[in-house]
Amino acid sequence: MDETVRPLRIPPQMFVYADKHNVSQLVQSMLCSLVIDQPDDPICYLIGLLQRSSDDVPRVMVLGPPAVGKHTVAKKLSADLRAVHVTEDSLLQYRSELSVHAEQELSEEMLVGLVQQRLKEMDCFHRGWVLEGIPQTRLQALSLQPGGVIPEHVVMLEAPDDVLMERSCGRLVDAITGDVYHRTFILPDDDIITKRLEKGRSLTDQQRLAKLHRYRCEVTGLRSAYQHVLKVIDSDQPHADVYLQVLAFVRTRQRSRTPRILLLGPPGSGKSRQAQLLSEKYRMVDVSCGRLLRSVAAAGSSRGAVVQAYLDDGRPVPDSLLLQVLEDRLSRPDCTRGGWILHGFPCDLQQARSLQESHQQPNRVFFLELTNDICLERLSLRATDPVSGQSFHHVTRPAPSSEVQHRLKTRPKDSMESVTQRLKQYRVHSAALQSVYPEAIHIDADQDPHSVFEAVASRLTSE
């Protein structure tokens, strides 16, 4: 090929470096902050961003209907994250300190302005913030965005109306700390605190229902405004369980990076099927090691002739040659731009170490877990129609007619003896593979393929 028209290949080590140091996320975050805040001195502003103690400064909203437990969750969350807890009451205090129309009632427009101003203060800039109960409407949410109030996580607590009404009746407040308790659901462990609890602000049932109705009218709009960063959590369960779910969600980080996925698991665990589903949805390249070797052998190149000789003799392709083939495929533009899913390699400790030492290290590793009995059932009952090329299964996908059934053929590698031997080999090496990938995600593969796919897909970008 003419060198002037040959596609430019970016060295794969550049992608490894960018992923390791989160360069894409860093640049995206800085650019977003720059165009939102529009500082007079962009260079000094960017230096300040880089000098910030952490690039994972929390920006969290805790929303929900009255009496759902927003204050309790938001206060504990801000303490655990060391972030600034911002409430409507604290905003009123902030306004009085600024002496800005402190005597006026807080209108919706003033509330939005105060939130924007408060979150630009240095404590929020360096430590992050947890905003409780704001915004209350879709219009407020949209008004906050131009001022740079864009959360990374939005937690929406929910509970049935009858539960909320019961909670609002038993509300108790610590007059010193402002912590909220309930005489039935949440009581302090300390008797001293219990003795100083006071009954919360009393509203009539009609007033409580009115506030609840206003929230229900707005909740759909709020959900749509934050749908990409939103998690709805059922608050009608023990408070500790609710908080653990909130904390787990807030600690996930969405990363923008080229996916390099490795699927591992015993024969019959569904690696090929999951790779196909991921490839179809995310436009990643499905790289099956066995299929790749056959493709290279069929290409007729000098390397392909060497591979073909091993395939013809039924001998395993040497690791050194196999790695050359893999590195060449994974460094092509379609893989470097869109990412890849590799399966069928590595199979043992040495192969895994060789892959880690290459420029094609995976950044997400999944083990599809399945028992030997299920693997045997899946593979030994599988057969292929030589006419159509379709695969069928005696239990889960039987042949559509007796004619097709009679011509089905079982591949030699799917015989009971062959599958048993392959499973034995996998079990021998699985512990060593797990030692190379200690942070791998383990997925229960004894589910329908789409349930497994959802479990895998949900873990692709979060950390």
Based on the alpha carbon coordinates of region 205-336, what radius of gyration and maximum Cα-Cα distance (Dmax) apply, in Å?
25.6, 83
Return the ratio Rg/(2.2 N^0.38 Å) for the chain, where Rg is computed over Cα atoms only.
1.27
How far apart, in nanometres, would the label points at Ala18 and Thr258 be if each is projected 7 angstrom from Cα along the Cα-to-Cβ direction?
0.6
Whole angstrom only: what separates the Cα centroid of region 18-37 from the Cα centroid of region 227-270?
23
On a 0 to 90 degree scale, rounded to 10, what angle separates helix 302-313 from the longest Cα axis of the chain?
70
Give the lysines whose C-alpha is closer than 29 Å to that of Lys281, dropping any in the same chain fewer than 8 places away, or say none.
Lys20, Lys231, Lys271
Cα-projected label distance for Tyr310 with Asp328, points at 7 Å along beta-carbon direction, nm
1.2
Candidate lysines for bridging to Lys195, where Cα separation is under 26 Å - those fewer than 8 sequence places away on the same chain excluded
Lys70, Lys75, Lys76
Aspartates and glutamates near Lys409 by alpha-carbon distance under 12 Å, same-chain residues fewer than 8 away left out - which ones?
Asp385
Just the accessible area for Lys409, please: 1.4 Å probe, Å², rounded to the nearest 10?
130
Give me the extension gain from Gln434 to Asp162: residue separation times 0.36 nm, minus the current Cα-Cα distance, reported in nm with one decimal.
93.1 nm
Any idea how far the Cα center of region 109-166 sits from the one of region 288-365, in Å?
50
Value at 222 nm in deg cm²/dmol, rounded to 500, when DSSP H runs of n ≥ 4 in the chain each add -39,500 (n - 2.57):
-15500 deg cm²/dmol
For region 360-451 the GluC sites (Glu not before Pro) that pass both the DSSP coil test and the at-most-10 other-Cβ-within-10 Å test are Glu439
Where labels lie 7 Å past Cα in the beta-carbon direction, separation of Asp80 and Asp236 in nm
2.4
If one compares the long axis through the Cα atoms of helix 108-119 with the longest principal axis of the Cα atoms of the chain, the angle in degrees, nearest 10, works out at 70
In degrees rounded to 10, the 0-90 angle between helix 23-37 Cα long axis and the longest Cα principal axis of the chain is 30
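The values are calculated or read from the model by the stated rules, or taken from the named source; none is laboratory data. Remember, it's a predicted structure, so these values are computed and weren't measured experimentally. Backbone-built Cβ (ideal geometry, glycine too); neighbour counts: all protein chains shown. Heads up: the accessible areas ignore ligands, DNA and RNA and are worked out on the full protein's heavy atoms, side chains in. Shrake-Rupley method; radii C 1.70, N 1.55, O 1.52, S 1.80 Å.
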